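The structure appears below as structure tokens.
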There are 2 protein chains.
Amino acid sequence: MTRKAVNLKMLSEALGLSQTTVSRALNGFPEVSEKTRARVVEAAERLNYRPSPSAASLATGKSRLIGHVVSLSAHIMINPHFADFIAGAGEVYSESGYDILLRLAPLEEQERIYHNLAQDQRVDGVVVHGPLTNDRRIGILNALGLPFVVHGRSDEEGRDYAWMDVNNRRAFHRATEFLVDLGHRRIALVNGIEAMNFAARRRQGYETALAERGIALDETLMFSGDMTEPQGYRATRELLALGEPPTAILVASVLPAMGIARALGEAGLRPGPDMSVVAFDDCLSFLEPIDTDAPRDIPYFTAMRSSIREAGKRVARMLLDRIDDPQRPLESELWEADFVVGQTTAPPSRR
Amino acid sequence: MTRKAVNLKMLSEALGLSQTTVSRALNGFPEVSEKTRARVVEAAERLNYRPSPSAASLATGKSRLIGHVVSLSAHIMINPHFADFIAGAGEVYSESGYDILLRLAPLEEQERIYHNLAQDQRVDGVVVHGPLTNDRRIGILNALGLPFVVHGRSDEEGRDYAWMDVNNRRAFHRATEFLVDLGHRRIALVNGIEAMNFAARRRQGYETALAERGIALDETLMFSGDMTEPQGYRATRELLALGEPPTAILVASVLPAMGIARALGEAGLRPGPDMSVVAFDDCLSFLEPIDTDAPRDIPYFTAMRSSIREAGKRVARMLLDRIDDPQRPLESELWEADFVVGQTTAPPSRR
DNA sequence: AGTCTTTTCCAAAGCGCTTTGGATTTTGAT
DNA sequence: ATCAAAATCCAAAGCGCTTTGGAAAAGACT
């Protein structure tokens with residue numbers, strides 16, 4: 001019945017070896033014979049030895065913590081998206097013995113926070129969430145030399161940082177074309193906050209597609225804001241009140257899309273036959289059926305689809321790779337969104 | 001231009017004081033004069049001194065990290081709820097200089113994980129999420145002596161652990177009574193997973209209220225499962241296919257409630273006039289309008305309402321208090337949910 | 001002035017790990 | 001048998017903080 005946890009000293013004494021040898025045996029250094037290594041590992045197991053993280057961290061400067069600094073309060077829309085991203089990333093971290101250090105802070109404090117996290121050696125790397133166009137955090141992190149990966153992009157080039165992004169421009173371009181091909185000419189856009197780079201790109205895709213088809217932009221059909229259910233609801237009510245309402249709506253998330261559906265329902269309109277709706281679908285978990293064995297329903301929303309959870313996994317892997325070898329060339333990865341046709345699109349209704 | 005971060009030794013040399021005095025000055029010990037304390041604080045500021053967390057942690061055994069161990073993958077429903085809870089808790093932690101250590105792990109591994117976190121002194125305390133009835137984690141944590149607070153309860157007494165819970169039983173009792181008073185007699189329940197204590201209590205409230213009004217239970221009207229949108233959708237379709245469908249539905253979250261609304265819409269039924277719906281509303285952020293200045297809409301769902309974000313704040317405060325003084329008597333707090341009447345309830349329609 | 005407290009400060013010993021720079025033993029080649 | 005090389009192990013010096021057990025200086029009181 002040991003009162004205190006066993007430490008390296010106790011373990012090495014029990015084995016009749018030096019702390020050096022035990023430490024090396026456990027950390028897989030080559031200069032210890034397989035025979036002693038096996039002995040050490042067995043004893044460590046038996047005595048339930050676990051190296052102290054703070055001591056190891058003090059000695060090595062590595063914390064085995066990944067920083068995620070997010071502003072959950074300000075841009076509330078990211079909450080559910082963030083949770084799914086973290087669910088993916090966390091899975092990868094767990095497999096590699098890392099934990100998430102989560103810090104909530106408004107955007108304007110994040111630069112200072114990164115500075116402190118780096119100086120304190122509190123984290124081994126960070127993930128940048130929700131990059132703005134020309135996001136200052138990226139420069140700061142490069143200057144600090146703290147390994148990081150951006151979920152999304154911050155500029156056109158994307159050359160001086162590692163990133164993983166979905167081809168938002170193409171997804172919205174394609175969705176717009178799809179609607180135009182169906183015969184729609186008045187297509188509304190309910191977008192995210194366009195200071196965020198992903199939303200800016202989505203708008204570009206939409207605008208380019210319309211321009212290519214010779215359809216003039218109409219500012220009264222374009223909304224930008226936090227992607228909440230009420231955003232979709234309100235935008236739709238405004239759209240329906242227009243002299244000439246749109247016949248289709250492109251929306252940046254299934255969350256506002258649900259608000260759109262609600263507003264349409266109240267107006268006695270059916271999504272699809274009466275108003276086409278195409279949403280960007282991040283495969284949020286709470287909208288998915290649990291048992292994936294079950295016969296898959298025909299998807300409700302016609303959607304551009306890309307799993308944010310898978311994105312979390314990929315970003316986490318990229319970051320762990322960078323931490324293992326900070327000198328490796330900057331990687332980047334661009335995923336295409338699937339386009340799935342559901343029940344919410346149809347040719348424009350004649351009225 | 002200092003290359004390395006300044007540490008206590010450098011700071012004390014710069015001041016011509018010993019490390020002891022500097023450390024004590026910074027940590028507010030009484031045995032250092034206000035004059036020197038001021039000097040020290042000024043110099044620390046000027047030289048941008050920050051104590052190393054791992055060194056401090058090694059010396060004190062405190063990590064200033066709060067553990068949140070969750071199984072985001074298994075019970076997917078908790079994702080958005082969890083995000084809002086964390087948003088609240090994180091705010092409190094930030095104010096007190098704590099960070100969240102987030103670890104994703106299936107429920108069956110959590111006991112082992114708590115053991116390791118305690119032995120490693122990796123966290124100063126933990127929050128227990130989603131307690132089951134007779135949850136084994138509670139016994140483990142008590143045995144480990146790791147400070148913790150339970151969000152919810154695990155048994156009837158709730159005596160040997162600190163907890164904060166919503167009065168789920170009363171909320172569902174009241175909602176059921178409300179529907180009965182409106183004239184409903186066939187009331188369905190779309191519940192969460194009933195191994196979880198909160199869901200079990202909700203069912204009890206529902207059953208008791210029905211019993212009190214002399215209404216027999218009908219198992220075909222009761223559903224239990226992960227609280228997702230499709231859960232609500234599917235349950236509703238099953239209910240509508242019944243020989244004698246219910247006239248009202250009680251649902252454990254607005255997420256499945258949205259699925260209910262979708263299914264009703266497809267069937268050409270209006271929530272409210274054609275089918276009453278009462279939901280438990282956790283005030284999830286992405287369902288709320290952003291600018292709270294804006295004229296508040298009449299709430300859509302009739303709901304039992306309690307902010308999970310506020311719960312996060314409260315639980316965090318309770319935990320920090322326990323960490324400050326682990327010997328303090330066990331606290332507990334029971335919140336009553338608001339009952340707000342929205343647009344989704346009405347007397348049963350005659351058909 | 002001399003004694004007794006208080007106040008103010010410090011040297012040094014941890015906390016538990018990693019890692020440098022040898023020392024010792026074993027192996028292999030001559 | 002001899003010597004160089006390879007394999008195996010170790011003592012001790014950090015890493016940067018907190019904290020114990022005093023010591024020195026200052027103030028209070030006869």
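When restricted to residues that are farther than 27 Å from A:Gly61 by Cβ and more than 9 Å from DNA strand C (Cβ to nearest atom), the stretch B:1-40 contains 2.
Within the stretch A:10-36, residues that are over 19 Å from A:Asn48 (Cβ atoms) have Cβ atoms under 9 Å from residues that are within 8 Å of DNA strand C (Cβ to nearest atom) and small (Gly, Ala, Ser) in these pairs: A:Phe29/A:Ser23, counting only partners at least 6 apart in sequence or on another chain. Sort through A:Arg64, A:Arg39, A:Arg50, A:Arg46 and tell me the only one that's open to solvent by 10 Å² or more (accessible area, probe 1.4 Å) and within 12 Å of DNA strand D (Cβ to nearest atom). Exactly one residue qualifies, and that residue is A:Arg39. Taken over the stretch B:1-17, the criterion of being of a type in the set (Ser, Thr, Tyr) and surrounded by 13 or more Cβ atoms within 10 Å (Cβ to Cβ) is satisfied by B:Ser12 alone. The one condition from (1) modelled with pLDDT of 90 or more; (2) more than 10 Å from DNA strand C (Cβ to nearest atom); (3) not in a loop (DSSP other than H, G, I, E, B) that B:Tyr49 does not meet is (3). All conditions in (1) more than 30 Å from A:Asn134 (Cα to Cα); (2) surrounded by 18 or more Cβ atoms within 10 Å (Cβ to Cβ); (3) at pLDDT below 95 hold for A:Glu266, with the sole exception of (2).
Determine if the stretch A:81-91 includes at least one residue that is assigned to a loop (DSSP other than H, G, I, E, B), away from DNA strand C (no atom under 16 Å from the Cβ) and in contact with a helix residue (DSSP H, G or I) (Cβ under 6 Å, 6 or more places away or on another chain). No, that holds for no residue. Scanning the stretch B:239-259 for residues that are away from chain A (no Cβ under 13 Å) and open to solvent by 10 Å² or more (accessible area, probe 1.4 Å) gives B:Leu240, B:Ala241, B:Leu242, B:Gly243, B:Glu244, B:Pro245, B:Thr247. Can B:Pro230 be described as within 21 Å of B:Val180 (Cα to Cα) and either at pLDDT below 95 or touching a strand residue (DSSP E or B) at 6+ places or on another chain (Cβ under 9 Å) (or both)? No, not satisfied. Only residues that are within 7 Å of chain B (Cβ to nearest Cβ) and open to solvent by 10 Å² or more (accessible area, probe 1.4 Å): list them for the stretch A:84-98, please. If the condition is that a residue be within 7 Å of chain B (Cβ to nearest Cβ) and open to solvent by 10 Å² or more (accessible area, probe 1.4 Å), then A:Glu91, A:Ser94 are the ones that fit. All but one of (1) closer than 17 Å to A:Tyr98 by Cβ; (2) open to solvent by less than 20 Å² (accessible area, probe 1.4 Å); (3) in contact with a strand residue (DSSP E or B) (Cβ under 6 Å, 6 or more places away or on another chain) hold for B:Arg103, so report the exception by its number. Only one criterion is unmet by B:Arg103, namely (2).
The one condition from (1) outside any loop (DSSP other than H, G, I, E, B); (2) of a type in the set (A, V, I, L, M, F, W, C); (3) open to solvent by 30 Å² or more (accessible area, probe 1.4 Å) that B:Ile193 does not meet is (1).
Taken over the stretch B:169-200, the residue count meeting the criterion of being without any contact (Cβ under 8 Å) to a residue 40 or more places away in the chain and within 19 Å of the chain's Cα centre (by Cα) is 2.
Return yes or no: is B:Ser63 within 16 Å of DNA strand C (Cβ to nearest atom), under 28 Å from the mean Cα position of the chain (by Cα), within 23 Å of A:Ala118 (Cβ to Cβ) and not basic (Lys, Arg)? Against the criterion (within 16 Å of DNA strand C (Cβ to nearest atom), under 28 Å from the mean Cα position of the chain (by Cα), within 23 Å of A:Ala118 (Cβ to Cβ) and not basic (Lys, Arg)), B:Ser63 qualifies. Restricting attention to the stretch B:112-132, the residues that are under 25 Å from B:Ala83 (Cβ atoms) and either in a loop (DSSP other than H, G, I, E, B) or in contact with a helix residue (DSSP H, G or I) (Cβ under 8 Å, 6 or more places away or on another chain) (or both) add up to 12.
When we screen B:Ala5, B:Ala55 for residues that are at pLDDT 90 or above and within 40 Å of the chain's Cα centre (by Cα), the only hit is B:Ala55. Each residue in the stretch A:140-173 was checked for being open to solvent by 10 Å² or more (accessible area, probe 1.4 Å), at negative phi and assigned to a loop (DSSP other than H, G, I, E, B), and 9 of them qualify.
Yes/no per residue for (1) open to solvent by 30 Å² or more (accessible area, probe 1.4 Å); (2) among the aromatic types (Phe, Trp, Tyr); (3) without any contact (Cβ under 8 Å) to a residue 24 or more places away in the chain; (4) part of a helix (DSSP H, G or I):
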position: A:Arg309; (1), (2), (3), (4): yes, no, no, yes
position: A:Gly312; (1), (2), (3), (4): no, no, no, yes
position: A:Gln327; (1), (2), (3), (4): yes, no, yes, no
position: A:Pro347; (1), (2), (3), (4): yes, no, no, no
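Go through (1) assigned by TED's automatic domain parsing to the domain that holds B:Arg201; (2) in contact with a Leu (Cβ under 9 Å, 6 or more places away or on another chain); (3) surrounded by 19 or more Cβ atoms within 10 Å (Cβ to Cβ); (4) among the charged types (D, E, K, R) and name the single condition B:Arg322 misses. Tallying (1) assigned by TED's automatic domain parsing to the domain that holds B:Arg201; (2) in contact with a Leu (Cβ under 9 Å, 6 or more places away or on another chain); (3) surrounded by 19 or more Cβ atoms within 10 Å (Cβ to Cβ); (4) among the charged types (D, E, K, R), B:Arg322 fails exactly one: (1). Could you tell me whether the stretch B:116-131 includes any residue that is among the acidic types (Asp, Glu), without any contact (Cβ under 8 Å) to a residue 40 or more places away in the chain and over 23 Å from B:Leu255 (Cβ atoms)? Yes, the stretch B:116-131 has at least one match. Only one entry of A:Val32, A:Val22 meets the criterion of being part of a helix (DSSP H, G or I), near DNA strand D (Cβ under 9 Å from one of its atoms), of a type in the set (A, V, I, L, M, F, W, C) and surrounded by 13 or more Cβ atoms within 10 Å (Cβ to Cβ), and that entry is A:Val22. Could you grab me the full set of residues in the stretch B:223-236 that are open to solvent by 10 Å² or more (accessible area, probe 1.4 Å), outside any strand (DSSP E or B) and either more than 10 Å from chain A (Cβ to nearest Cβ) or small (Gly, Ala, Ser) (or both)? Scanning the stretch B:223-236 gives a single hit, B:Gly225. Taken over the stretch A:260-288, the residue count meeting the criterion of being within 12 Å of chain B (Cβ to nearest Cβ) and among the hydroxyl-bearing types (Ser, Thr, Tyr) is 1.
The values are calculated or read from the model by the stated rules, or taken from the named source; none is laboratory data. These numbers come from a predicted model, not from an experiment. Reconstructed Cβ throughout: ideal geometry from the backbone, glycine too, with neighbour counts over all protein chains shown. Calculation scope for accessible area: heavy atoms of the full protein, side chains included, ligands and nucleic acids excluded. Shrake-Rupley method; radii C 1.70, N 1.55, O 1.52, S 1.80 Å.
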